[in-house]
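Starting off with a structure, shown below.
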Amino acid sequence: MANHKSALKRVRSNETKRLRNKFQHKTTRNAIKTLRASEKKKDAEAQLPLVVAMVDKLAKNNIIHKNKAANIKSKLTKFVAAL
(Lines give C-alpha, C1' and ligand atoms only; values in the text may rest on other atoms or scores of the structure.)
Protein backbone atom coordinates (compact mmCIF):
# COMPACT_ATOMS: atom_id res chain seq x y z
CA MET A 1 0.00 0.00 0.00
CA ALA A 2 1.09 3.58 -0.58
CA ASN A 3 2.92 5.39 2.20
CA HIS A 4 3.02 9.00 1.02
CA LYS A 5 0.18 11.39 1.51
CA SER A 6 0.10 12.27 -2.19
CA ALA A 7 0.07 8.58 -3.15
CA LEU A 8 -2.89 7.94 -0.86
CA LYS A 9 -4.75 10.85 -2.47
CA ARG A 10 -3.87 9.42 -5.89
CA VAL A 11 -5.43 6.07 -4.91
CA ARG A 12 -8.63 7.83 -3.86
CA SER A 13 -8.86 9.99 -6.97
CA ASN A 14 -8.09 7.07 -9.29
CA GLU A 15 -10.93 5.07 -7.76
CA THR A 16 -13.33 7.99 -8.22
CA LYS A 17 -12.28 8.42 -11.86
CA ARG A 18 -12.53 4.67 -12.49
CA LEU A 19 -16.11 4.58 -11.23
CA ARG A 20 -17.07 7.66 -13.27
CA ASN A 21 -15.52 6.18 -16.43
CA LYS A 22 -17.26 2.86 -15.81
CA PHE A 23 -20.62 4.61 -15.38
CA GLN A 24 -20.22 6.70 -18.55
CA HIS A 25 -19.08 3.70 -20.59
CA LYS A 26 -21.93 1.49 -19.41
CA THR A 27 -24.50 4.25 -19.97
CA THR A 28 -23.25 4.76 -23.51
CA ARG A 29 -23.31 1.03 -24.25
CA ASN A 30 -26.92 0.86 -23.04
CA ALA A 31 -27.84 3.83 -25.24
CA ILE A 32 -26.25 2.12 -28.26
CA LYS A 33 -28.17 -1.06 -27.47
CA THR A 34 -31.42 0.90 -27.25
CA LEU A 35 -30.72 2.61 -30.57
CA ARG A 36 -30.00 -0.69 -32.31
CA ALA A 37 -33.22 -2.16 -30.89
CA SER A 38 -35.38 0.68 -32.21
CA GLU A 39 -37.47 -0.26 -35.21
CA LYS A 40 -38.91 3.13 -36.15
CA LYS A 41 -36.71 5.37 -38.25
CA LYS A 42 -38.06 8.55 -36.67
CA ASP A 43 -37.15 7.38 -33.14
CA ALA A 44 -33.72 6.21 -34.26
CA GLU A 45 -33.00 9.53 -35.98
CA ALA A 46 -33.94 11.36 -32.80
CA GLN A 47 -31.66 9.18 -30.66
CA LEU A 48 -28.66 9.17 -33.01
CA PRO A 49 -27.26 12.66 -32.19
CA LEU A 50 -27.48 11.96 -28.46
CA VAL A 51 -25.67 8.63 -28.77
CA VAL A 52 -23.02 10.13 -31.07
CA ALA A 53 -22.38 12.88 -28.51
CA MET A 54 -21.95 10.27 -25.77
CA VAL A 55 -19.49 8.28 -27.89
CA ASP A 56 -17.55 11.46 -28.72
CA LYS A 57 -17.30 12.29 -25.04
CA LEU A 58 -15.89 8.83 -24.27
CA ALA A 59 -13.27 9.26 -26.99
CA LYS A 60 -12.40 12.76 -25.80
CA ASN A 61 -11.78 11.49 -22.27
CA ASN A 62 -9.72 8.51 -23.54
CA ILE A 63 -12.20 5.97 -22.20
CA ILE A 64 -12.36 4.46 -25.68
CA HIS A 65 -10.00 4.93 -28.63
CA LYS A 66 -10.88 7.59 -31.18
CA ASN A 67 -10.92 5.04 -34.02
CA LYS A 68 -13.32 2.81 -32.07
CA ALA A 69 -15.57 5.84 -31.60
CA ALA A 70 -15.44 6.53 -35.33
CA ASN A 71 -16.32 2.91 -36.12
CA ILE A 72 -19.26 2.93 -33.70
CA LYS A 73 -20.61 6.20 -35.12
CA SER A 74 -20.23 4.97 -38.68
CA LYS A 75 -22.04 1.70 -38.02
CA LEU A 76 -24.86 3.44 -36.14
CA THR A 77 -25.31 6.00 -38.92
CA LYS A 78 -25.47 3.21 -41.51
CA PHE A 79 -27.99 1.36 -39.35
CA VAL A 80 -30.26 4.37 -39.01
CA ALA A 81 -30.03 5.17 -42.73
CA ALA A 82 -31.02 1.60 -43.60
CA LEU A 83 -34.19 1.66 -41.50
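Please build a GNM for the chain, connecting alpha carbons under 10 Å apart, and tell me which residue among Ala53, Ala37, Ala69 fluctuates the most.
Ala37
Tabulate in residue order the Karplus-calculated ³J(HN,Hα) for the stretch 42-51, using 6.51 cos²θ - 1.76 cosθ + 1.60 with θ = phi - 60°, rounded to whole Hz; enter x for Gly and Pro.
5, 5, 5, 5, 6, 7, 3, x, 5, 5
If you don't mind, there's one more thing I want to ask. How much of the accessible area of the chain, in percent, comes from carbon and sulfur atoms when a 1.4 Å probe is used? List each step's numbers first, then the result.
Values: 3620 of 6440 Å².
Carbon and sulfur together cover 56 percent of it.
Taking H placed 1.01 Å from N in the peptide plane, check which residues at least 5 places from Ile64 or on another chain put their amide H under 5 Å from its amide H.
The list, which skips near neighbours in sequence, is Ala59.
With each label point set 7 Å from Cα along the Cα-Cβ vector, what nm distance links Ala53 and Lys17?
With each label placed 7 Å out from Cα toward Cβ, I get 2.5 nm.
Going by alpha carbons, how many degrees (0 to 90, nearest 10) lie between the helix axis of 66-82 and the longest principal axis of the chain?
20 degrees
What percent does the relative contact order of the chain come to when contacts are Cα pairs within less than 8 Å and at least six residues apart?
Working: 36 pairs, mean separation 23.6, N = 83.
Dividing the mean separation by the residue count of the chain yields 28 percent.
Can you work out the accessible area per residue across the chain, with the rest of the protein chains kept in place, probe 1.4 Å, in square angstrom?
78 Å²
Quick one: dipole size for the chain, taken about the Cα centre, charges +1 on Lys/Arg Cβ and -1 on Asp/Glu Cβ, in debye to the nearest 20.
Once rounded to the nearest 20, the dipole reads 380 debye.
From the backbone phi of the stretch 24-29, what are the Karplus-calculated ³J(HN,Hα) couplings (6.51 cos²θ - 1.76 cosθ + 1.60, θ = phi - 60°) in whole Hz, Gly and Pro given as x?
Result, rounded to whole Hz: 4, 5, 5, 4, 5, 4.
Taking Rh as the Kirkwood radius computed over C-alpha pairs, what is the Stokes-Einstein D of the stretch 1-58 at 4 °C in a medium of viscosity 1.567 mPa s, expressed in µm² per second?
Taking Rh from Cα pairs, D becomes 96 µm²/s.
With each run of n ≥ 4 DSSP H residues scored as -39500 (n - 2.57), what mean residue ellipticity at 222 nm is computed for the chain after dividing by its residue count and rounding to the nearest 500 deg cm²/dmol? Walk me through the intermediate numbers first.
On the way: 3 runs with 70 residues, N = 83.
Helix-only estimate at 222 nm: -29500 deg cm²/dmol.
Then there is this: In nanometres, what is the gap between the two model label sites at Gln24 and Leu83, each 7 Å from Cα along Cα-to-Cβ?
About 2.6 nm separates the two model spin labels.
To continue, here is another question. When the Cα centres of the stretch 1-15 and the stretch 17-83 are compared, how far apart do they sit, in Å?
Between the Cα centres of the stretch 1-15 and the stretch 17-83 lies a distance of 33 Å.
The values are calculated or read from the model by the stated rules, or taken from the named source; none is laboratory data. Only a predicted model underlies this, so the values are computations on that prediction, with no experimental measurement involved. Cβ atoms come from the backbone with ideal geometry, glycine included; neighbour counts cover every protein chain shown. In case anyone asks, the SASA skips ligands and DNA or RNA and just uses the protein heavy atoms, side chains included. Shrake-Rupley method; radii C 1.70, N 1.55, O 1.52, S 1.80 Å.
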